[in-house]
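Every read-out reported here was derived from the displayed coordinates using simple, explicitly stated rules and does not represent laboratory data. Only a predicted model underlies this, so the values are computations on that prediction, with no experimental measurement involved. For neighbour counting, all protein chains shown are included, and Cβ atoms are generated from backbone atoms with ideal geometry for every residue, glycine included.
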Amino acid sequence: MRKQIFLIIALTVTTISCGPSQQKVEPTNPEATEVWQPKPAKVAINGQTGIPSDAVILFNGTNLNAWKSKNDGSAPKWTINKDGSMTVKDKTGDIVTKEDFGSVQLHLEWRSDPNNTQTNQNRSNSGVFFQGLYEVQILNNNDNDTYVNGMVGSIYKQNPPLVMAAKPTGEWNSYDIIFHAPEFDNSGDRVKAGILTVFLNGVLIQDHFELLGSTEYIGYPKNKAHGDGPIILQDHGDMSGVGFRNIWLRKL
Ligand code: MG
C-alpha cells in the first residue's frame, strides 16, 4: 500500500513537471505578443531612380570611379555610353570594385548584344562575382544552348537556375541578388556555406542555394578561407558586347 501511494505521488509529480504547467502560458490579450523595440532603421526610396538611401552606388551612368581593372588596378577601360549604360571593352579584363564587401543585396541591370551571334558560352558571356570568387552567370541563352549549370542565372558550374527568365536579346534584364558570405573558423575550415538567392527580372531563379565553394572554370569548388572581397564584372574576352547599368548594393 505504501509503495502504491509513493508511485501515485511520483507519477503525479512527473505529470505536473512535464505537463502543461511547464509550457508558456497562452496569452489572452493581443498586446502580449507585440514587440515595439528596437525600431528598424528608415530607408527612403529615391523617387526617380528607385535606389534605397542606404545603398552603395557602384554605377549610375556617369563614371567608373567605384571600379578598377582586375589586371593591373588601373582605371577601367570599359565604355561609358550616352544612355547611362556601360559596355564591356573586349580583352581589357574584368573590372573589380575598389571596396571589399561581405554579405550584400545587389541590384544590377544587363543586356546582351544583338550583334553577338556566337554560340554556346561565347554569346554575350559575362557574370557578376561576389567576394571575387562566386559567379552568377550572365549569358545570352535565347536560342543558344549550353550546359545548364553554365547558362544564364546559373551559379557557375554548381547549380542551374530554377527557370530561364531572361528577356529577348538586347532588352535590359535585372538581377536582384542576396549573397550571404561563407564563414571560416580560425583554423581556416569553412563552418558556414555562402548562400545565394537570385531574382532575374523579378523571378526567383536561385532559392537560398548553399555554395559548394568557389565557382571554378576547371576543377571542383575550392574553400580556401577568406574575408571580404570585391564585386567583379567579367570580361569573357570574346567580343561579348554585354552592357550594364544601374548597379548598387546594400551591405547586410
Ligand atoms: Mg561568365
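A few comments on the model shown:
- In sequence order, region 222-227 has phi-based couplings of 10, 10, 6, 4, 7, x Hz under the Karplus curve 6.51 cos²θ - 1.76 cosθ + 1.60, θ = phi - 60°, and Gly or Pro positions carry x.
- Using the Cβ-Cβ distance between D83 and N186 with R0 = 45 Å, the FRET efficiency computed as 1/(1 + (r/R0)^6) comes to roughly 0.40.
- Residues of type lysines that K192 reaches as a straight line, Cα spacing below 25 Å, ignoring anything fewer than 8 places off in the same chain: K157, K222, K224, K251
- For V163 and E216, the FRET efficiency from 1/(1 + (r/R0)^6), where r spans their Cβ atoms and R0 equals 30 Å, is about 0.75.
- Convex hull volume per residue in cubic angstrom - Cα atoms of region 34-251: 149
- Extension gain, N201 back to W172 (0.36 nm per residue minus Cα-Cα distance, nm): 9.5 nm
- Sequence of E26, E183 once ranked by neighbouring C-beta atoms within 10 Å, starting from the fewest: E26, E183
- Evaluated at q = 0.11, 0.17, 0.19, 0.21 Å⁻¹: base-10 log I(q)/I(0), Debye formula over Cα of region 52-153: -0.38, -0.91, -1.12, -1.31
- Partner aspartates and glutamates for K42 [C-alpha distance under 18 Å; skip if fewer than 8 residues away on the same chain]: D54
- In sequence order, calculated HN-Hα J values of region 171-179 (Karplus, 6.51, -1.76, 1.60; Hz; x Gly/Pro): 7, 6, 10, 10, 10, 10, 10, 10, 10
- Of all aspartates and glutamates in the structure, the ones whose alpha carbon falls short of 20 Å from that of K68, not counting any fewer than 8 places away in one chain, are D90, D94, E99, D100, E109, E135, D228, D235.
- Computed from Cα positions, the angle between helix 2-18 and the longest principal axis of the chain comes to roughly 30 degrees.
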